[in-house]
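Quick notes on the structure that follows.
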Amino acid sequence: MQSITAVRRGWPRETAGDGTIGPVTATTEATARRKAPLLLATAAGAVAGVAAKAGDESGWRWAADLGTYPAAWVLVVALIGWRAPTVPAAAARAGVFFAAMTVAYYAWAALVLDFGWSARLLVAWLLLSATAVPATGAAVHWATHRSGRLPGALLGVPAGLVLGSGAARQLWLQWVQPGLELPDRPVQVVAELVTAVVLVAVLPRDSRTRLWAGALAVPAVWLAPRALDLLQRFV
């Protein structure tokens, strides 16, 4: 009688006599399942931040480029948003990943390389981690589960911004202006092309959305240098 009364009153129990999992255990396991992806995003972000700073100091230009230009980070955030189960999860995981990456990058520079803390840059990137990055992850998740013009725009515009703000744009400028001398960055060009192809051709759910993504990426390429200038004013 006592156990029946306890259950009716909503008292927690861990297991029943027959081995059934009770409310306390079930709640604990559900909480652990929710936290696991965020912990994984934190760990992955920390590793990415250290790798990015190591790339900066490696002397290998291609490694430094991957951490400096936005293509790699746009691709990672897009894939996080795509694989998340819900829009809120996509936003949370993308933001946590980017925040952990930012802290690890500047902490490694300050504590291991003795460069000192770049407080202004750290705050600026953490602000992006709490705003633009989770918004991008959420937008990608939403767009990959729908079809039409708006989903195409949400995938195509980032692809255009990537192509128009990095090494691919420099390669284009060299092609249209043969006398222009710019450093060759073949690895970064490949990274930007892969990111654009994934956003435009892989993540959209159908052909109609792919067409919209490709079409709307074109004006974004033209707008990219202006968007990059605006971003650099803050970071």
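Readers should treat all values here as calculations from the given coordinates under stated rules, not as data from a laboratory. Predicted model only: the values in this text are computed from it and were never measured. Note: ideal-geometry Cβ built from the backbone for every residue, glycine included; neighbour counts use all protein chains shown.
A Förster radius of 30 Å, combined with the Cβ-Cβ distance separating E181 from R120, puts the computed FRET efficiency at roughly 0.40. Each residue of region 112-125 was assigned a 3J(HN,Hα) from its phi angle through the Karplus expression (A = 6.51, B = -1.76, C = 1.60, θ = phi - 60°), giving 9, 8, 6, 8, x, 8, 9, 4, 5, 5, 4, 5, 4, 6 Hz with x at Gly and Pro.
Each residue of region 194-204 is assigned a 3J(HN,Hα), and the resulting list reads 4, 4, 5, 5, 4, 5, 8, 10, 9, 6, x Hz, derived from the Karplus form 6.51 cos²θ - 1.76 cosθ + 1.60 (θ = phi - 60°), x at Gly and Pro.
Rounded to the nearest Hz, the phi-derived 3J(HN,Hα) couplings of region 52-69 under the Karplus curve 6.51 cos²θ - 1.76 cosθ + 1.60 (θ = phi - 60°) are 5, 5, 4, x, 4, 9, 6, x, 8, 4, 5, 5, 5, 4, 4, x, 8, 6, where x marks glycine and proline. Around the Cα centre of region 146-235, unit charges on the Cβ atoms of Lys, Arg, Asp and Glu (plus for the first two, minus for the last two) sum to a dipole of about 440 debye.
Stretched out straight at 0.36 nm per residue, the stretch from W62 to L211 would grow longer than its current Cα-Cα span by 50.5 nm. Taken about its Cα centre, region 72-222 carries a charge dipole of about 560 debye when Lys and Arg each add +1 at the Cβ and Asp and Glu each add -1 at the Cβ. Once R0 is set to 25 Å, what does the formula 1/(1 + (r/R0)^6) return for the Cβ-Cβ distance between L171 and V202, expressed as a FRET efficiency to the nearest 0.05? Once the sixth-power term is evaluated, E becomes 0.65.
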